[in-house]
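The values are calculated or read from the model by the stated rules, or taken from the named source; none is laboratory data. Just so we're clear, the structure is a prediction, and the values are computed from it rather than from any experiment. Virtual Cβ from ideal backbone geometry, glycine too; neighbours counted across all protein chains shown. Just the protein is used for accessible areas: all its heavy atoms, side chains included, with ligands, DNA and RNA removed. Shrake-Rupley method; radii C 1.70, N 1.55, O 1.52, S 1.80 Å.
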Amino acid sequence: MEDLKYLVAIVGLVATIYLLIKKYETRTVLIGMGLLMAILTLNPMGALDAFAKSMTTGGLIMAICSSMGFAYVMKFTKCDSHLVHLLTKPMSGLKFLLIPIATILTFFINIAIPSAAGCAAAVGATLIPVLRGAGVRPAMAGASILAGTFGSLMSPGSSHPAMISEMSGLTVTEINFMHAPYTMTAAAIGVVLLTLLALFLKDYGEEHRQAYLAEQSTAEGKTNVNVLYALAPLIPLIILIIGGTSLQKTAGLEWTKMGVPQAMLIGAIYSIIVTRVSPVKITEEFFNGMGNSYANVLGIIIAASVFVAGLNATGAVNSAIEFLKHSNEYVRWGATIGPFLMGVITGSGDAAAIAFNTAVTPHAAELGYTQVNLGMGAAIAGALGRTASPIAGVAIVCAGLTMVSPVEIIKRTAPGMIFALLFLALFML
């Protein structure tokens, strides 16, 4: 009977990977395969109970839904565009240095605008013309934006810190501060490799600038930046950073010690005041964003919990954990290379990282790791894999903005992501 259960687990895993590679809907695949494995091992209620339990995970719902609601408000009021224009306007004279600066800027804007594709669209629409006008080849201009689109892992609305928060009892802000040095170092590795590749591939030069200028038949209209609008996306971040550090006491700002939903709501209220947009419209957008995040972000988390429950029913998860307990040297590679490869293959690092963090990260202490390092290591690895995938939505956005093949862009981001992955495996875990 045990052998049959293990066979179900192996076939289920292979089938899931195959279906995800074929771009079948992620939630359907995870729920379907999880439920099928549970039924075949005569424990269907295990999967159904996991579905019900994960629907009401309070910390995840509050952090993710409120952050996405705020993101919708920023998009509706165009405050996110004002922030991007404010930060990119002074950059036009930096020439070759625009390549690393564009990646760094995208990384930090991605914290305020957590959607990778949304951030790339907002930043790329402004920065890519600046890069090309300075003499950067189109593929490198797109790669400069793409390489910075995993800054969202440091966002208070990211699903991964929220998951680890539920397990560890630490706040999202505390978790973000703990993994920030590794995430920022991974980003720095990506920046350095991308810059070196730009030199090696001769992706910067006067010929590229002239080619771009020849394409332009009309001048772009100017955008008048409103600084008060541009500050709106940063308000919740500032509040959460102050409230999560000793600054709140030293500066007499104890009121900033609050949760993610409260900070996001303050940001939305600020946007009503400065933009003078109808509060009714802002409220509608906020709740539209909350509903969308439950369907598309929490939906994946719920589906992953059903899939993991199916694996649990086969005994595969417990066997894997027992193996890792006695083969500790494999944990660092399984937690990083696995989510990375799934990110590359499927174009999304979330499904693999969430499944890993649901199944393995709760047992981190038994494996000799902290939940923060193991869980966020898997999450960062998944994001790096997605940033090296030609079928990722954000890569396709960048390719569309530059009118080149996604593969040309990935040729430039992938080396940095691979070196960053090795750094995570060797130093974070």
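If you work out Cα extents along the principal axes in Å from the coordinates, which of [x] 71, 50, 38; [y] 60, 48, 45; [z] 71, 60, 52 do you get?
Checking each listed value against the structure points to [x].
Any idea what angle helix 371-387 forms with the longest principal axis of the chain, computed on alpha-carbon atoms, 0 to 90 degrees, nearest 10?
60
Can you tell me the orientation of helix 406-423 relative to the chain, as the angle in degrees between its alpha-carbon axis and the longest Cα principal axis, to the nearest 10?
That works out to roughly 60 degrees.
Order of 377-386, 35-44, 199-208, 332-341 by packing, highest average Cβ count within 10 Å first?
My ranking of the peptides, most packed first, is 377-386, 332-341, 35-44, 199-208.
Whole-Hz Karplus ³J(HN,Hα) for the stretch 265-274, in order, using 6.51 cos²θ - 1.76 cosθ + 1.60 and θ = phi - 60°, x for Gly and Pro?
5, 4, x, 5, 5, 4, 5, 5, 5, 7
Can you work out ³J(HN,Hα) from phi for every residue in the stretch 251-261, in order, using Karplus 6.51 cos²θ - 1.76 cosθ + 1.60 and θ = phi - 60°, giving whole Hz and x for Gly and Pro?
Result, ordered by residue: 9, x, 10, 4, 5, 6, 6, 8, x, 4, x Hz.
Any of Lys53/Lys257; Lys75/Lys257; Lys202/Lys411; Lys95/Lys202; Lys23/Lys75; Lys22/Lys202 with alpha carbons more than 24 Å apart? Name them for me.
Correct reply: Lys53/Lys257; Lys75/Lys257; Lys23/Lys75; Lys22/Lys202.
Mind ranking 231-244, 304-317 by how tightly packed they are, going by the mean number of other C-beta atoms within 10 angstrom, highest first?
304-317, 231-244
Checking the a/c ratio against 1.5 first, then a/b against b/c, what shape does the Cα gyration tensor give for the stretch 281-397?
Prolate shape, in that a/c is at least 1.5 and a/b is the bigger ratio.
Using only Cα atoms, find the angle between the long axis of helix 350-359 and the longest principal axis of the chain, and express it within 0 to 90 degrees, rounded to the nearest 10.
40
Does the stretch 367-429 classify as rounded, prolate or oblate by the C-alpha gyration tensor (a ≥ b ≥ c root eigenvalues; a/c under 1.5 gives rounded; else a/b over b/c gives prolate, otherwise oblate)?
prolate
I need the shape label for the stretch 63-209. Rule: rounded when a/c is under 1.5, else prolate if a/b > b/c, else oblate, with a, b, c from the alpha carbon gyration tensor.
oblate
List, in order, the whole-Hz ³J(HN,Hα) value for each residue of the stretch 15-32 obtained from phi through the Karplus relation with A = 6.51, B = -1.76, C = 1.60 and θ = phi - 60°; use x for Gly and Pro.
Result, rounded to whole Hz: 5, 5, 4, 4, 5, 5, 4, 6, 6, 5, 4, 4, 5, 4, 5, 5, 5, x.
If you add up the charges near Arg412, with Lys and Arg at +1 and Asp and Glu at -1, over every other residue whose beta carbon is less than 14 angstrom from its beta carbon, what do you get?
Values: positive: Arg137, Lys202, Lys411; negative: Asp203, Glu408.
Local net charge: +1.
If you average the sequence gap of Cα pairs under 8 Å that are 6 or more apart and divide by the length of the chain, what percent do you get for the contact order?
Relative contact order here is 26 percent.
Mean residue ellipticity at 222 nm from the helices of the chain, using -39,500 (n - 2.57) per DSSP H segment of n ≥ 4 over the full residue count, to the nearest 500 deg cm²/dmol?
Value at 222 nm, helices only: -23500 deg cm²/dmol.
On the protein heavy atoms, probe 1.4 angstrom, tell me the percent of accessible surface of the stretch 291-365 carried by carbon and sulfur. It would help to have the intermediate numbers written out before the result.
Numbers: 1690 of 2590 Å².
Within the stretch 291-365, the accessible surface is 65 percent carbon and sulfur.
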